[in-house]
Amino acid sequence: MKFNLVLIIALAVTLSAFTSGEKFFSGRIIYKNSFTNLQGDDISDKLAPFFGAEQHYYISGPNYKAYNEKQQLLQLYTGANNEYIYFKDGQVAQKFDAAKPSSTDTKVTPLAQTATVLGHPCKAVEIVAGGVTTVYFYATDLKVRPKDYAKHAFGDWYTYLKATQGGLTLKYMSTNPKVGYVMTSEAASVQAMPLTSTEFSVTASERQ
């Protein structure tokens, strides 16, 4: 009995070491965006100027930010104060307390679909919120720590991270039947890089 107990303790310590040694992604993902109407006709020329033809997304620890193809800041989230800032034309447009959820009718459904994007194996999950259906293909080898965003209810971000176990999306299709479009965003490049917390401030971000 004592021998078995020693084995159990040793196994627990070993598993703990593996868990604590898990690597989390820090770096940039560049997404290319395209748009169709609900009939499948390409309307990218109409919607890309509004939503952006690209998104340059940086994430590290409990912080993230994103730029469009013109290098104008689109969004900034800082975990220290749980604040999400939306930008228009590179200027602060609105600030949100990220603890406040965007919707109350969110439904999460794991899917059997899989994909490979830029060599990264991806699983799929569907999230329906506010009448918009989004299918995410998330990388199983590119992750952030979900608990870093435990207070980030805005945009269902923590809901997404719990569903993917921290896996970052490399492709998603978002269908908005009310407005009448489907947005497809797919990663064109993934680059790991160290990013310090000081790079996720309005001042630092505006210098990019």
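The values are calculated or read from the model by the stated rules, or taken from the named source; none is laboratory data. A quick note: this is a predicted structure, and the numbers were derived from the prediction, not measured. Heads up, the Cβs are rebuilt from the backbone with ideal geometry, glycines too, and the neighbour counts pull from every protein chain shown. Quick note on the areas: whole protein, heavy atoms, side chains included, nothing else; ligands and nucleic acids left out. Shrake-Rupley method; radii C 1.70, N 1.55, O 1.52, S 1.80 Å.
What the table shows:
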| item | result |
| --- | --- |
| Heavy-atom accessible area per residue - the range 89-208, 1.4 Å, Å² | 55 |
| Zone of Thr104's modelled label, taken as backbone nitrogen in the range 138-180 under 17 Å from a point 7 Å along Cα→Cβ | 153-156 |
| Within a Gaussian network of the chain (alpha carbon springs, distance under 10 Å), most fluctuating of Ala129, Ala153, Ala112 | Ala112 |
| Phi-based couplings in Hz for the range 189-195 (Karplus 6.51, -1.76, 1.60; Gly and Pro marked x) | 7, 10, 9, 6, 7, x, 9 |
| For the range 109-115, Karplus couplings with θ = phi - 60° (6.51, -1.76, 1.60), whole Hz, Gly/Pro x | 9, x, 10, 7, 5, 9, 7 |
| The range 93-198 - convex hull of alpha carbons, volume per residue in Å³ | 138 |
| Long pairs among Lys147/Lys171; Lys95/Lys171; Lys32/Lys162; Lys95/Lys143; Lys23/Lys178, criterion Cα-Cα beyond 31 Å | Lys23/Lys178 |
| Under Karplus coefficients 6.51, -1.76 and 1.60, residue-wise ³J(HN,Hα) of the range 48-56 in Hz, glycine/proline x | 4, x, 8, 8, x, 7, 9, 9, 9 |
| Listed residues Gln191, Gln75, Gln55, most fluctuating in the chain (Gaussian network, C-alpha, under 10 Å) | Gln191 |
| Cα convex hull volume per residue for the range 58-106 (Å³) | 99 |
| The chain: mean projected area of Cα convex hull, nm² | 14.3 |
